[in-house]
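Following: one structure in structure tokens, then a few remarks.
Bear in mind that the values in this text are calculations on the coordinates, not laboratory data. Computed from a predicted structure; not experimentally measured. Backbone-built Cβ (ideal geometry, glycine too); neighbour counts: all protein chains shown.
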Amino acid sequence: MKAAVFSLIALLAGTVLAEDLKPDRTVPYKETPQGELKLHIFNPKGLKKDQERPAVIFFFGGGWNGGSPSQFYPQARHLADRGMVAICAEYRTKKKHGTDPRACVMDAKSAMRWVRRRAGKLGIDPRRLAAGGGSAGGHLAAATATLSEFNEPDEDTAVSCVPNALILFNPVYDNSTAGYGHDRVKDFWADFSPMHNLKKGTPPAIVFLGSEDHLIPVATAEEFQARMKKNGDRSELYIYEKMGHGFFNPSEKKANRYKETEAQMDQFLESLGWLKKTQQK
């Protein structure tokens, strides 16, 4: 029994749960008919406005129905501690705002444009801005990189919403009849599904998926990767055996999976030159 307790303590060491964290500040980025939306910002220590740090915007999961930006607080705090500006975005959902998935994409694009437009005031390099997210949030991140439709009316689209890298955790990026959520987006799925809007020049992507995910088959992730590579674009795929949907979230049962995805995310960003490589122990 003691050995098991000590093993659990060792497993959780260094893993911080979302409820234990708070952003350094929150700022409004968009006013909608359903209410104001904010960005939850985690800054690295010593950040100065005239610096140009790499940054990432995370979008939470929840099937476009609900969820909270706090889902990605652990990843955001970790990356801020490593020198990036990390942001968790609010966006409209069905339960809270009565909106459909198109509003989610509009908000994600607005968040990317807002940050890029104000990069100089935020200490961010606008050429090193990633989008990340899990499940429906992974869809939104991929959507900012691939979809030409679903822009907020009257928004300045001259400011690009396309990220420079993608960090995708079990993303629902196939919305065809064979994919996730088709019934809710069937009237516009062809413009809405990132898988079906890939084109040459899509930002480099890293994707995490559990082999037993009940929403996203491994074959879907493999097809996404194959299409990316066919276009000559970088796509890394990590399949976690016997893991289901949401396995990457930190918890007592899944802390080891969280730490593994965290380490692989770091290695991906290091390979881009966005993080300094850590010494291997």
Let me have the relative contact order for the chain, percent, based on Cα pairs under 8 Å that are six or more residues apart. 16
Would you kindly state how much longer the chain becomes between Glu270 and Lys230 on full extension, computed as 0.36 nm times their sequence separation minus their alpha carbon distance, in nm to one decimal? 12.0 nm
Which value, in Å to one decimal place, does the Kirkwood hydrodynamic radius take for the chain when every pair of different Cα atoms is included? 18.9
For a quick protection proxy, order the peptides 188-195, 202-209 by their average other-Cβ count within 10 Å, most packed first. 202-209, 188-195
For Lys254, the lysines lying under 22 Å Cα to Cα, once residues fewer than eight places off in the same chain are dropped, come out as Lys2, Lys22, Lys242
For the stretch 197-206, just list the computed ³J(HN,Hα) in residue order, Karplus coefficients 6.51, -1.76 and 1.60, θ = phi - 60°, integers in Hz, with x standing in for Gly and Pro. 10, 5, 9, 4, x, 4, x, x, 10, 10
Distant-in-sequence amide H partners of Gly63 (H built 1.01 Å from N, under 5 Å): Ala136, Gly137
Tell me the relative contact order for the stretch 70-159 as a rounded percent, counting alpha carbon contacts under 8 Å between residues six or more apart. 25
Charge sum, other residues only, whose C-beta stays under 12 Å from Leu166's C-beta, Lys/Arg counted +1 and Asp/Glu -1: -1
For the pair Lys45/Val27, report the inter-label distance in nm, with labels modelled 7 Å from Cα in the Cβ direction. 2.3
Rounded to the nearest 500, the 222 nm mean residue ellipticity computed for the chain from DSSP H runs (n ≥ 4, each -39500 (n - 2.57)) alone is -9500 deg cm²/dmol
Counting DSSP beta bridges with both partners in the chain, what percentage is antiparallel, nearest 5? 30
